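The values are calculated or read from the model by the stated rules, or taken from the named source; none is laboratory data. This is a predicted model, so every value here is computed, not measured. Ideal geometry is used to build each Cβ from the backbone, glycine not excepted, and the neighbour counts take in all protein chains shown.
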Amino acid sequence: MITLNFEALNFELKIMAEHNETGTKGEGLASDFLKNKGYEILETNWRLNHLEADIIAKISKTLVVIEVKTRKNNYFGEPETFVNKQKQANLIKVAQNYIERYNLDFEVRFDIISVITGTNPTTINHIEDAFYPKVR
């Protein structure tokens, strides 16, 4: 006999929904922040299979691939510290595919924007050139 714990399942679904809502809010704030700095937003949530770049933007002749990390607080550390090597490798793959698909000839930069929404005011930290692709 299989027993389902609907209370636990509903709690998990609520946590996931709040997490997605926080992330979506942070990505919107990051997009507005970038536009105010003169960036042109080319794509949001651009996907390559199961991989995703939160924002792909352009400033001058530079294509900027941006990972947005949003948290309600920094109790467990600054949001940007959660962009690990695997996430960086995934963003590099997404950028390569985007450049090839649209036959672009731009300099490419990888940025991280961390957003903390539980502070008043909300804090946004834009880290340009947050990491570099490894040359093989």
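Filtering Ala53, Ala30 for residues that are among the small types (Gly, Ala, Ser), touching a residue at least 40 places away in the same chain (Cβ under 8 Å) and closer than 21 Å to Tyr102 by Cβ leaves a single hit, Ala53.
Listed residues Ile59, Ile41, Ile113; which is crowded, with 19+ Cβ neighbours inside 10 Å and either at pLDDT 95 or above or touching a helix residue (DSSP H, G or I) at 6+ places or on another chain (Cβ under 7 Å) (or both)? Let's see the steps before the verdict.
Working: Ile59 fails: crowded, with 19+ Cβ neighbours inside 10 Å; Ile41 fails: crowded, with 19+ Cβ neighbours inside 10 Å.
Exactly one residue qualifies, and that residue is Ile113.
Within the range 92-133, the set of residues being touching a residue at least 40 places away in the same chain (Cβ under 8 Å), in contact with a strand residue (DSSP E or B) (Cβ under 9 Å, 6 or more places away or on another chain), in a loop (DSSP other than H, G, I, E, B) and of a type outside the set (Gly, Ala, Ser) comprises Leu104, Phe106, Thr117, Thr122, Pro133.
Taken over the range 116-128, the residue count meeting the criterion of being loosely packed, with under 13 Cβ neighbours inside 10 Å and in contact with a Lys or Arg (Cβ under 6 Å, 6 or more places away or on another chain) is 1.
Could you grab me the full set of residues in the range 29-46 that are part of a helix (DSSP H, G or I) and aromatic (Phe, Trp, Tyr)? Walk me through how you get there before you give the answer.
Of the range 29-46, the ones part of a helix (DSSP H, G or I) are 29-36.
Hit for the range 29-46 is Phe33, nothing else.
Residue by residue, here is whether (1) modelled with pLDDT of 95 or more; (2) crowded, with 16+ Cβ neighbours inside 10 Å; (3) within 23 Å of Lys134 (Cβ to Cβ) holds:
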position: Ser31; (1), (2), (3): yes, yes, no
position: Asn49; (1), (2), (3): no, no, yes
position: Ile55; (1), (2), (3): yes, yes, yes
position: Ile66; (1), (2), (3): yes, yes, yes
position: Thr70; (1), (2), (3): no, yes, no
position: Gln86; (1), (2), (3): no, no, yes
position: Val94; (1), (2), (3): yes, yes, yes
position: Asn103; (1), (2), (3): yes, no, no
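Check the range 75-91 and report whether any residue there is among the small types (Gly, Ala, Ser), in a strand (DSSP E or B) and more than 15 Å from Glu52 (Cβ to Cβ). The answer is no; no qualifying residue exists.
Give the residue that is surrounded by the most Cβ atoms within 10 Å (Cβ to Cβ), with candidates limited to residues of the range 72-84 that are within 15 Å of Ile127 (Cα to Cα) and in contact with a strand residue (DSSP E or B) (Cβ under 9 Å, 6 or more places away or on another chain).
Of the residues in the range 72-84, the ones within 15 Å of Ile127 (Cα to Cα) are 78-84.
Checking the rest, the ones that are also in contact with a strand residue (DSSP E or B) (Cβ under 9 Å, 6 or more places away or on another chain) come to 78-83.
Working: Glu78: 15, Pro79: 22, Glu80: 19, Thr81: 12, Phe82: 14, Val83: 19.
Among those residues, the one meeting the criterion is Pro79.
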